[in-house]
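Trainee: Quick one: this structure, given as structure tokens, is what I'll be asking you about.
The values are calculated or read from the model by the stated rules, or taken from the named source; none is laboratory data. Because the structure is predicted, anything quoted here is derived from the model rather than measured. Note: ideal-geometry Cβ built from the backbone for every residue, glycine included; neighbour counts use all protein chains shown.
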Amino acid sequence: MRAQHPTTPNGRDTEVTEVLPRASGVVDGVIGAVSNQDGSVSLHIRISMPGRVDSDLIEVILPHEHTEALAEAIATPPSAARAPRSPAIPCTVGVGPPHP
């Protein structure tokens, strides 16, 4: 499947054929969700690393046409018939220190 990703800063198409594995490491964090006026959803993920006082912010922006795919992935119970790995959902990601 090929999808146009309107929020990608470079405006390129994004291939949506990848299946993502699980992360090899885990850190503590918190997540918040914000609905934007254009219909996209921003997930704000603040992570803390052991031994650090500060935290980093990761912002995942899902275009409105892909928010249902994420909601479906979250709502599907593990016992339901689904692939062992979730399909990739196009998004834009911002990484860096949080703004004051």
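Trainee: Please pick out the residue among Val26, Val34 that is aliphatic (A, V, I, L, M), on the phi < 0 side of the Ramachandran plot, assigned to a loop (DSSP other than H, G, I, E, B) and loosely packed, with under 12 Cβ neighbours inside 10 Å.
Mentor: Just one listed residue meets the conditions, Val26.
Trainee: Being at pLDDT 90 or above and more than 14 Å from the chain's Cα centre (by Cα) is the filter; apply it to the range 37-56 and report the residue that is surrounded by the fewest Cβ atoms within 10 Å (Cβ to Cβ).
Mentor: The selected residue is Gln37.
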